[in-house]
Amino acid sequence: MALTPSPPRRGPLARLVAARPLLSFFVLSFAPSFAYEFVCILVLRLPLVPWMFAAPFIGPFAAAFLVTAAVEGRAGTRALVRDLVRWRVGWRWYAVIALGLPAFLMLCVLPLPGAAAAFDPDLSEVGPWLAGFALVLVVGGPLGEEPGWRNFATPRLQERFGPVLGTLVLGVLWGLWHLPLFLIEGYNHAGGDLAATVGPYLVFLGFTVAIAFLFTWLYNSTSGSGPVAVVAHTFFNVTLLPVLFPGVENSFPYEVVQLAAFSVLALVLLAATRGRLGWRGPQAVEACGPASGGASPSRAASGARGAGAAR
């Protein structure tokens, strides 16, 4: 009679992480990043670049893999890697993020005084812009953050709270994770004192909440494609203003217009999808049954979604 192999033993820390995976993920996302940033900003007083590049990788990126390994083992980490390289999602989704998203961002420029008259494409800026885009994509935040926010946290928060509340929670925590950077004067228009920093930070926090709904919709509609989330995130970080609107600054009023525009877009997505944001819900997990090979509910739900399930 064949003996059934016993499951591998877990240490007390691994058992604690497995019992509270979401809480563990957010603690591991925040604590190392905050400690590192506070040392760099307040103790060493380093300039923003290049030290900031490490923060997303020792935070959300590492947390996603550590918690997945503790909860799901090697099979889970392999599934997470597959999510991160799932680029075959249909050309229309790349059109949405590579054409629609930057076009929407540039439309936000038009309400600014004199911006429409400043439209004067400068092709000499295309090369530097592409180089900056590639650099930011790899080390500037998107590649370090998205495996955590989207591929780990989004499916689990949706299962626990539903797509609307889950996205709201994630958007707030995503914005809070950036809080130490606002100690740097000039970061996202932060001032040199508390009074001059509160306004820019609240606008930034509202913005992360608003665009979180767009990211959840993209995640659900592309079966959790990592490349789609990373590229979309990069377009938010690398402005096209020098290419299309030379002389127009990435100013605080521009940030306010973006907040308003993407808040409206979030409401449109919620109305168009009836609050589902492309999420099929727990029934998609149940439909996978035993054939899912023991994958976690979040993995099964992600795999059950089709690229066209955007409603």
Test result for residue 54, in contact (Cβ under 8 Å) with a residue 12 or more places away in the chain and in contact with a Lys or Arg (Cβ under 6 Å, 6 or more places away or on another chain): no
Helices (runs of 4 or more DSSP H) enclosed by the range 177-278 - at least 3 residues per element that are over 24 Å from residue 84 (Cβ atoms) and either touching a Pro at 6+ places or on another chain (Cβ under 8 Å) or not hydroxyl-bearing (Ser, Thr, Tyr) (or both): 194-221, 241-244, 252-272
Among residues of the range 199-220, those that are over 14 Å from residue 172 (Cα atoms), without any contact (Cβ under 8 Å) to a residue 60 or more places away in the chain and touching a helix residue (DSSP H, G or I) at 6+ places or on another chain (Cβ under 6 Å), counted: 1
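For residue 31, state whether it is aliphatic (A, V, I, L, M), modelled with pLDDT under 95 and surrounded by fewer than 16 Cβ atoms within 10 Å (Cβ to Cβ).
no
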Condition check for residue 81: of a type in the set (Val, Ile, Thr) and either buried (at least 18 other Cβ atoms within 10 Å of the Cβ) or not in a helix (DSSP H, G or I) (or both): no
The range 86-107 - residue that is at pLDDT 95 or above and among the β-branched types (Val, Ile, Thr) and, of those, nearest to residue 236 (Cα to Cα): 97
Residue 215 vs. criteria touching a Lys or Arg at 6+ places or on another chain (Cβ under 9 Å), at negative phi, modelled with pLDDT of 95 or more and surrounded by 20 or more Cβ atoms within 10 Å (Cβ to Cβ): yes
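The values are calculated or read from the model by the stated rules, or taken from the named source; none is laboratory data. Everything numeric here is computed off the predicted structure, so don't read it as measured data. When we count neighbours, we look across all protein chains shown, and the Cβ atoms used for this are built from the backbone with ideal geometry, even at glycine.
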